[in-house]
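The values are calculated or read from the model by the stated rules, or taken from the named source; none is laboratory data. Values in this document were obtained by computation on a predicted structure and should not be read as measured data. Cβ atoms come from the backbone with ideal geometry, glycine included; neighbour counts cover every protein chain shown.
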There are 4 protein chains.
Amino acid sequence: MAAASNFFSIVAGVGPGTGRSVALKFAKVYPVVLLARNPAHYESIVKEIKESGGQAIGFSTDVASQSSVKDAFAQIQKELKGKKLAAAIFNVGGAFVRKPFLELSLDEYEAGYNTNGKGFYNFAQATLPLLLESVESSPHPPSLIITGATASMRGSATMSSFASGKFALRATGQSLAREFGPKGVHVAHVVVDGVIDMPKTKDWPINGGAPDGKISSAAIADSYWYLHTQPRSHFTHEMDCRPYVEKF
Amino acid sequence: MAAASNFFSIVAGVGPGTGRSVALKFAKVYPVVLLARNPAHYESIVKEIKESGGQAIGFSTDVASQSSVKDAFAQIQKELKGKKLAAAIFNVGGAFVRKPFLELSLDEYEAGYNTNGKGFYNFAQATLPLLLESVESSPHPPSLIITGATASMRGSATMSSFASGKFALRATGQSLAREFGPKGVHVAHVVVDGVIDMPKTKDWPINGGAPDGKISSAAIADSYWYLHTQPRSHFTHEMDCRPYVEKF
Amino acid sequence: MAAASNFFSIVAGVGPGTGRSVALKFAKVYPVVLLARNPAHYESIVKEIKESGGQAIGFSTDVASQSSVKDAFAQIQKELKGKKLAAAIFNVGGAFVRKPFLELSLDEYEAGYNTNGKGFYNFAQATLPLLLESVESSPHPPSLIITGATASMRGSATMSSFASGKFALRATGQSLAREFGPKGVHVAHVVVDGVIDMPKTKDWPINGGAPDGKISSAAIADSYWYLHTQPRSHFTHEMDCRPYVEKF
Amino acid sequence: MAAASNFFSIVAGVGPGTGRSVALKFAKVYPVVLLARNPAHYESIVKEIKESGGQAIGFSTDVASQSSVKDAFAQIQKELKGKKLAAAIFNVGGAFVRKPFLELSLDEYEAGYNTNGKGFYNFAQATLPLLLESVESSPHPPSLIITGATASMRGSATMSSFASGKFALRATGQSLAREFGPKGVHVAHVVVDGVIDMPKTKDWPINGGAPDGKISSAAIADSYWYLHTQPRSHFTHEMDCRPYVEKF
């Protein structure tokens, strides 16, 4: 087992909610690479991590684009030369279209899959070879952690775009867990069932405005870190999380 | 309720297995439209139906292509002028690629979604407006019936392409059931868990070669017809089927 | 394959809803044995079947009592000497207690299991040997069909008694399907998700009073018959049913 | 929030595997009460905890017996006077009978439910009132954590006793999560999918004898502790765990 400083982590899909919290959490141990389409989504987080003594670097990347992901990983290999990948987090939300089905365009329908199906394929193709290289030496089993949603488990009226993307993501995650688990890579899927507490949702009247009625993204980050530290005799493939007042 | 002869049915994804059997079954009551990319897949079935006194017509259609589906339905509207749609069956298998994930190209990965995600979107967009028009008059609640697979329920190593497509299909089917059920359209998803008994699988050593160890496609067709005839107070959304000797 | 007249069927848990409809349906082909604790629950149904030309006989039986079930089957063997069992339907609802957990007595909690766990054990022990004897000769694969509920799939606040019984029933049904399916006995579990339309529920304001907003028990009976007639290459283990307007 | 020393924890079902590890883990923060039918199962663990500076006390208790559980809790209230309950762990395995169904006696069938259905009812009735009293003051949300198994999710041939008990346990756990979650008590269910690494399983040839092919009970204890420390905005109801080489 090598020192954590020889390793890095990567978070795809950073923004003001889960992505930021996960990046801050993993940055306490590993340098963190942040991917988002819009640099505005990672720049302040990179700054925040650096100011608290961590290492972070962001790359503008569209996970739905194979060439964009390839370009990003070419740069990553150069910038983090000599470091190995310990943890890869796929936290891409993607467009969240709610519409009656017959008003949904093909582009809108495909948006769910483009980010969470194809986007995850691109991310997994880029990170799995690096995670496999870390199996022998990583402080904890190298991990590929996936953010799911209620819509990963059930479709609902007007949500076919988001649900089909999240179902495809879960299917791919299960397939990878079964293929790469025995090789020592931990693939885990977290079903986030509820609304994240973040600036944009501040005034949403969720769960009757109950205190702690929205999910703390810092607590999600704790979950991801906990999953990353599980030993290989005890891999969790799936866990849910929701506020105590959430109906389920 | 109008006479069945004022209605038609449509089967997307016909070939020598389930598609053929479903077409023969529904042709006993309704004229049947058959869709397949390759005319060779429907021509003999059209002939077989006509010879036994039914009505059938085939259209070469690529369900993964929005324009191909639109063209087909323009022709269908013309050819079946005055008839209403009673049942639409989505039986598109799609490419079945089995490969270690890191050897799977993006095109191969997307093949599952193209047929079963986007392809089903295209088919549902074309058929749901017609099914809605039949709610008041159809002999049985107008039905959209979907062929799923074991891979609709769980991913497995080397099957991420097929599983992600079948998961996306199930997600979309669930969404449509919840949106269109209350409008009177019956959306049902059948999990076919096992190998279909057809010429191509004749010599596959399934279930130790046990008699009836492969699924009779005629029995699947009976299921689909049974689902179509359920009254609206009793809609089945999901059922499985497998040979008695199949492990599950 | 022998004539249907050499076979009989049996329904445990008859009353004015599903049990009556299933008995009437199966009585069109097989003599039917009806089991209920209270003779008042089967007497009018026996009469109804006989008046329409069928054969039926009822036995007062408490499925939760091993000796009561043994006594009933001893009588059945005598009364139906020479006939074989083609279909056994377990439709025992059991006490339906809704209470905050801390107000629920142990007796109330156990009521769910007594009928649907232990009761099903007793019924399955009595019927499976008879069903196995019919494998070679029954007109359709001998069948053990189980009535489940929404509470078979998920617990809910105040419903732990009913849910624990229905979960135990489903667990046992799955175990039996896997053990006896390969021997030719069809074990099927139907998730009835909604309220049955029957005299007692007539004025219940279900689904906003929508027409057909409650499940037709005759349609459930059609399902059970359909399941019974499936060939062994195509056994359905589980299907759901609900009104088109039911939220799920 | 009060000091952890004002609180205690309780583990039902202690033995050389998970129970011992969970007790050792929670004893680092809280005094631990251990329940087992056979004092031999907790005596050495009590000693081990005391020797490492923790507090522990054991009570011989049969969870399947309402009076035995009541007696135990009367003693607990006396011995731990003034302390509040922070965490209750239900880790009762129960008899694990594997037999063809037709060779399974009623007593053997009921053994699964007696421990995991009725036993859990008794344990939950005793602990939930105490957990509710701790909601305002406990260092972490008071927790009721349940050990499930693969058999909580699916029945299998010859396992109807164990599966029906574990299904009933899960049903009850789900019901309690939905009733007591909104009151601030965290009810969590862990699906342990694999064989625990402990003296008794040392020579079992699990997963081809792969290193770490059995689950570390210390890692399960870490999971339980992690679940206990989740804030109320982020309650996990269910998670699985299995060795990296386990087929699933």
Legend entry - Number of positions in region C:123-137 that are of a type in the set (Val, Ile, Thr) and without any contact (Cβ under 8 Å) to a residue 60 or more places away in the chain: 1
Legend entry - Qualifying position, being more than 10 Å from chain C (Cβ to nearest Cβ), surrounded by fewer than 24 Cβ atoms within 10 Å (Cβ to Cβ), in a strand (DSSP E or B) and not polar (S, T, N, Q), among D:GLY148, D:GLY94: D:GLY148
Inset, instruction - Give me the pairs, please: first residue somewhere in region B:101-122 and more than 7 Å from chain A (Cβ to nearest Cβ), second residue anywhere and surrounded by fewer than 23 Cβ atoms within 10 Å (Cβ to Cβ) and part of a helix (DSSP H, G or I), beta-carbon distance under 8 Å, and either six or more positions apart or on two chains. - result: B:ASN122/A:LEU106; B:ASN122/B:GLN66
Inset, instruction - Take region A:51-90 and flag every residue that is among the charged types (D, E, K, R) and over 20 Å from A:ARG20 (Cα atoms). - result: A:LYS70, A:ASP71, A:LYS78, A:GLU79, A:LYS81, A:LYS83, A:LYS84
Legend entry - Subset of region C:151-173 (residues that are of a type outside the set (A, V, I, L, M, F, W, C) and more than 15 Å from the chain's Cα centre (by Cα)): C:ARG154, C:GLY155, C:SER156, C:THR158, C:SER160, C:SER161, C:SER164
Inset, instruction - Spot the failing condition for D:THR158; the list is (1) at negative phi; (2) touching a residue at least 24 places away in the same chain (Cβ under 8 Å); (3) within 14 Å of chain C (Cβ to nearest Cβ), and only one is missed. - result: (1)
Inset, instruction - Hey, could you check region A:174-189 for residues that are at the interface with chain B (Cβ under 7 Å from one of its Cβ atoms) and either out of contact with any helix residue (DSSP H, G or I) (no Cβ under 8 Å at 6 or more places or on another chain) or of a type in the set (Gly, Ala, Ser) (or both) and say which is nearest to D:ARG242 (Cα to Cα)? - result: A:ARG178
Inset, instruction - Return a yes/no flag: does region A:101-111 have any residue that is outside any helix (DSSP H, G or I) and among the charged types (D, E, K, R). - result: no
Inset, instruction - Sort out which residues of region C:190-222 are at the interface with chain B (Cβ under 7 Å from one of its Cβ atoms) and small (Gly, Ala, Ser), and write them in order of number. - result: C:SER216, C:ALA219
Inset, instruction - Just give me the residues in region A:48-88 being of a type outside the set (D, E, K, R) and under 22 Å from A:SER164 (Cβ atoms), in sequence order. - result: A:VAL63, A:ALA64, A:SER65, A:GLN66, A:VAL69
Inset, instruction - Taking the options C:THR229, C:THR201, name whichever one is in contact with a Pro (Cβ under 9 Å, 6 or more places away or on another chain), surrounded by fewer than 22 Cβ atoms within 10 Å (Cβ to Cβ) and of a type outside the set (A, V, I, L, M, F, W, C). - result: C:THR229
Inset, instruction - Considering every residue within region D:236-243, establish whether at least one is at the interface with chain A (Cβ under 9 Å from one of its Cβ atoms), in contact with a Pro (Cβ under 9 Å, 6 or more places away or on another chain) and modelled with pLDDT of 95 or more. - result: no
Inset, instruction - Give the residues of region D:1-45 that are over 17 Å from the mean Cα position of the chain (by Cα) and surrounded by 21 or more Cβ atoms within 10 Å (Cβ to Cβ), sorted by residue number. - result: D:PHE7
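Residue-wise test of (1) over 30 Å from A:TYR113 (Cβ atoms); (2) in contact with a strand residue (DSSP E or B) (Cβ under 8 Å, 6 or more places away or on another chain).
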{"position": "B:PHE167", "(1), (2)": "no, no"}
{"position": "B:THR172", "(1), (2)": "no, no"}
{"position": "B:SER175", "(1), (2)": "no, no"}
{"position": "B:PRO182", "(1), (2)": "no, no"}
{"position": "B:VAL192", "(1), (2)": "no, yes"}
{"position": "B:ALA210", "(1), (2)": "yes, no"}
{"position": "B:ILE215", "(1), (2)": "no, yes"}
